[in-house]
Structures are given as C-alpha cells and as structure tokens.
Amino acid sequence: DAGVTQSPTHLIKTRGQHVTLRCSPISGHKSVSWYQQVLGQGPQFIFQYYEKEERGRGNFPDRFSARQFPNYSSELNVNALLLGDSALYLCASSFLAEAFFGQGTRLTVV
Amino acid sequence: AQSVTQPDIHITVSEGASLELRCNYSYGATPYLFWYVQSPGQGLQLLLKYFSGDTLVQGIKGFEAEFKRSQSSFNLRKPSVHWSDAAEYFCAVGSNTGNQFYFGTGTSLTVIP
C-alpha cells in the first residue's frame, strides 16, 4: 500500500525563481496539507485542502499558493523565492483525524 | 491561539535507561494530541495519539504518553531506551479535522551505549 509520495525529493533553485512541489496522498484520503520545516525547527502549517477547496491557511505570505486536483493530489507553488524559503516541505494526507506524512521535498534556495 | 512547547531541546540518555520527553500545549478546545518521530532527512512517523478517553495512551515501539488536562501536558515516556530510538521527537496539537497541526520545536534524543 503506497504511502504519501512527494516529488521531487531534492531541489535547488535560485533566488527570485518559482518552484512547484507535488504530493500524492494515500488512496482514499481526500485531505492534503502542507508544512514547511526549517532546519532545527518543527514543521509549520502552510495550507490544508479538502475536496479541492482550501480549508485552512497558516501565516505565510501570498507568494505561497496551493491547489488540489480531482484525484486529490496537490501542488504547492512558491513564487519569488527567498533564501529563507530553504526548508524541508512536507505533505500530509489525512483520514479520520490522523495524518500521514510523506518523506518531504528538500528545497535549497541559493 | 494554539501552541506547543517542548522545553528540552536536546536530551542524552544511556541505552536501557528510561526516558521522558516533555510537552505542554495551549489550545482553546479539547485538544487532539500527537507525538511524532523524525529520523534525519526523513518524514514524520506517528508514535501515538490522544483524542479522548483513557489519559494513558500506548503507541508503537514501546512508547506511551499521558494526557494531564490540569497541567496542559502530554509527556512521552519509554521505560527502556534502545539505540535505534535516537531521533528528533515532535509533539503536536491538532484540530478534529486531523490535518491542521501545530508542532513544538522538537527534542533531539541521543542514546549512548
């Protein structure tokens, strides 16, 4: 049974560029959320989507956006990258109030 | 506002010794509480969760946690630590929708032989 899958696993971008991160939830899970984990910190909530609608948003600038597709997969987009956006980006899918996390995408902005 | 405090940034224990990791939370409603473990460069694995009922919950890998409402705490314990338990441990409080979590800053556990 496949878990939550994220792609790519690693990514290097230059300041000012745009990045798209992808997430496929566990089959049957309709809710996806995104978290940013800066080195040495706990994950910070960015977005939650359920049935293609945004259900929650954390304290992140408008440069961050996301969407969910009919098959419940999701994309996180970040525009105008800053050095401070370097982090591990985690996706989680949930069912019955329990979340399952992917391995994350390690984004490095140089 | 929701928040989680893990007062211990780093803990070192000897293999076979007991372990307790502290967690305090602030949440307006009845909290859903979780402990996750993260190995270097990896995602988060759920150790255990508390939704309601018995305040002592059992998890995987021999871990347990006790919910104390009067102290707003949800401390993680293990009676005998194994070298493979070395990792980063995160306490989190979540909504009943299950997908908006607020994490603590984590406790790094080192296990010495």
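If you check every pair at least six apart or on different chains, which have Cβ atoms under 9 Å apart with a residue in segment A:84-110 that is more than 9 Å from chain B (Cβ to nearest Cβ) and of a type in the set (Gly, Ala, Ser) first and a residue that is open to solvent by 60 Å² or more (accessible area, probe 1.4 Å) and part of a strand (DSSP E or B) second?
These pairs meet every condition: A:Ser86/A:Arg106; A:Ala87/A:Gln44; A:Ala87/A:Arg106.
With the structure loaded, tell me whether B:Ile112 is farther than 19 Å from A:Leu90 by Cα, at the interface with another protein chain (Cβ under 10 Å from one of its Cβ atoms) and at pLDDT 95 or above or whether it fails that test. Write out each step before concluding.
On the way: farther than 19 Å from A:Leu90 by Cα: yes; at the interface with another protein chain (Cβ under 10 Å from one of its Cβ atoms): no; at pLDDT 95 or above: yes.
So B:Ile112 fails the test.
Just a yes or no: is a residue in segment B:66-76 over 13 Å from the mean Cα position of the chain (by Cα) and in a strand (DSSP E or B)?
Yes: one or more hits.
Taking into account only those residues within segment B:88-113 that are in contact (Cβ under 8 Å) with a residue 40 or more places away in the chain and surrounded by fewer than 19 Cβ atoms within 10 Å (Cβ to Cβ), which is farthest from A:Ala97 (Cα to Cα)? Give the derivation first.
Of the residues in segment B:88-113, the ones in contact (Cβ under 8 Å) with a residue 40 or more places away in the chain are B:88-96, B:98, B:101-113.
Remaining after also requiring surrounded by fewer than 19 Cβ atoms within 10 Å (Cβ to Cβ): B:95-96, B:105, B:108, B:110, B:112-113.
Values: B:Ser95: 8, B:Asn96: 6, B:Thr105: 22, B:Ser108: 26, B:Thr110: 31, B:Ile112: 36, B:Pro113: 38 Å.
Only one residue fits best here, namely B:Pro113.
Return the total of residues in segment A:58-95 being of a type in the set (S, T, N, Q), closer than 13 Å to A:Tyr35 by Cβ and outside any strand (DSSP E or B).
Of segment A:58-95, the ones of a type in the set (S, T, N, Q) are A:59, A:65, A:68, A:71, A:73-74, A:77, A:79, A:86, A:93-94.
The next check asks that each one be closer than 13 Å to A:Tyr35 by Cβ; those that pass are A:59, A:74, A:93-94.
Add one more test, that the residue is outside any strand (DSSP E or B), and what stays is A:59.
The number of residues fulfilling the criteria is 1.
Give segment A:10-60 a look and list any residue that's open to solvent by 40 Å² or more (accessible area, probe 1.4 Å) and β-branched (Val, Ile, Thr), or say none.
Residues satisfying the conditions are A:Ile12, A:Thr14, A:Val38.
Would you pick out the residues in segment B:28-59 that are open to solvent by 60 Å² or more (accessible area, probe 1.4 Å) and more than 9 Å from chain A (Cβ to nearest Cβ)?
B:Gly28, B:Ala29, B:Thr30, B:Pro40, B:Ser52, B:Asp54, B:Leu56, B:Gln58
Is there any pair with a first residue in segment A:39-62 that is more than 11 Å from every other protein chain (Cβ to nearest Cβ) and a second that is outside any loop (DSSP other than H, G, I, E, B) whose Cβ atoms are under 6 Å apart and which are 6 or more apart or on different chains, and what are they?
From residues that are more than 11 Å from every other protein chain (Cβ to nearest Cβ), the pairs are A:Lys52/A:Gln68; A:Phe60/A:Ile46.
Identify the single condition in (1) open to solvent by less than 90 Å² (accessible area, probe 1.4 Å); (2) farther than 26 Å from B:Ser3 by Cα; (3) under 15 Å from the mean Cα position of the chain (by Cα); (4) charged (D, E, K, R) that A:Arg63 does not satisfy, given that it satisfies every other one.
Condition not satisfied by A:Arg63: (2).
The values are calculated or read from the model by the stated rules, or taken from the named source; none is laboratory data. The model shown is predicted, which means the values in this text are computed figures rather than measured ones. Ideal geometry is used to build each Cβ from the backbone, glycine not excepted, and the neighbour counts take in all protein chains shown. These accessible areas exclude ligands, DNA and RNA; they are computed on the full protein's heavy atoms, side chains included. Shrake-Rupley method; radii C 1.70, N 1.55, O 1.52, S 1.80 Å.
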